[in-house]
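The structure appears right after this line, and notes come after that.
Derivation of every value follows stated rules applied to the coordinates shown; laboratory data play no part. All of these numbers come straight from a predicted model, not from anything done at the bench. Every residue, glycine as well, gets a Cβ built from its backbone with ideal geometry; the counts of neighbours run over all protein chains shown.
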Amino acid sequence: MTDDVLIVDGYNMIGAWPELREAAERDLEEARDRLIELLADYQGFTGIKVIVVFDAHQVPGLGARLKQRGLDVRYTKEKETADECIERLVGELMRRSRRIQVATSDYAEQRVIFGRGALRLSARELLNQVRESRRQIEQTIRHRQESRRNTFDHHLGSEWKAIFERWRRGGK
């Protein structure tokens with residue numbers, strides 16, 4: 001893993017990504033789980049440490065910090081917003097991390113975190129990056145599957161391939 005960190009405003013992504021927005025209409029927990037799944041794959045592919053922050057949604061308590069699918073998932077404390085938690089995290093991490101990005105489409109939050117030295121990433125930009133990483137993962141898997149096929153053709157030089165092709169077509 002690199003020293004780079006991506007902090008994600010979880011409910012902001014759920015509201016902005018079409019797939020997650022639709023899932024949230026059926027079941028908010030399903031949408032959270034799907035976001036975590038997508039970001040876990042993204043973290044694994046890019047090596048960037050991902051922290052996802054969710055508002056506790058008016059749930060009394062001290063908040064929670066969990067490891068889910070290798071991600072650092074945080075639920076805010078009672079009466080703490082995700083924005084406040086993200087701002088606090090940026091302040092803590094600026095001393096230790098090489099580069100911090102915050103994914104949110106909240107304009108006011110973007111300005112605050114930018115002022116604290118973090119880079120901003122809109123929900124749309126992160127979605128594009130996640131989609132591209134998934135495309136590359138799928139391409140890598142396909143390539144590996146194709147290269148595992150142990151066909152005779154893969155072991156022939158171009159001269160022999162041409163000879164066999166002529167024979168196949170009935171020539172000599």
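Could you work out which residue, out of Ala103, Ala64, Ala162, moves most in a Gaussian network model of the chain, that is, has the largest mean-square fluctuation with Cα springs under 10 Å? The residue with the greatest mean-square fluctuation here is Ala162. Between Glu19 and Glu84, the FRET efficiency estimated from the beta carbon spacing at R0 = 45 angstrom works out to 0.95. Close Lys pairs in the chain (alpha-carbon distance under 28 Å; sequence gap of 8 or more, or different chains): 6. Between Glu87, Glu138, Glu146, the residue with the greatest mean-square fluctuation in the GNM of the chain (Cα pairs under 10 Å linked by springs) is Glu146. Among DSSP beta bridges lying fully in the chain, give the percent that are antiparallel, nearest 5. Restricted to the chain, the bridges split so that about 25 percent are antiparallel.
Only beta bridges with both residues in the stretch 52-122 are counted; by DSSP, about 45 percent of them are antiparallel. The chain gives an Rg/Rh value of 1.24, both radii derived from C-alpha positions and Rh following Kirkwood. Full extension of the chain segment joining Ala162 with Phe45 gains 38.1 nm, where the gain is 0.36 nm per residue of separation less the Cα-Cα distance.
A Gaussian network model of the chain, with springs between Cα atoms under 10 Å, assigns the largest mean-square fluctuation among Gln43, Gln110, Gln136 to Gln136. Considering helices alone, the calculated mean residue ellipticity of the chain at 222 nm is -17000 deg cm²/dmol, with DSSP H runs of length four and up weighted by -39500 (n - 2.57) and normalised per residue.
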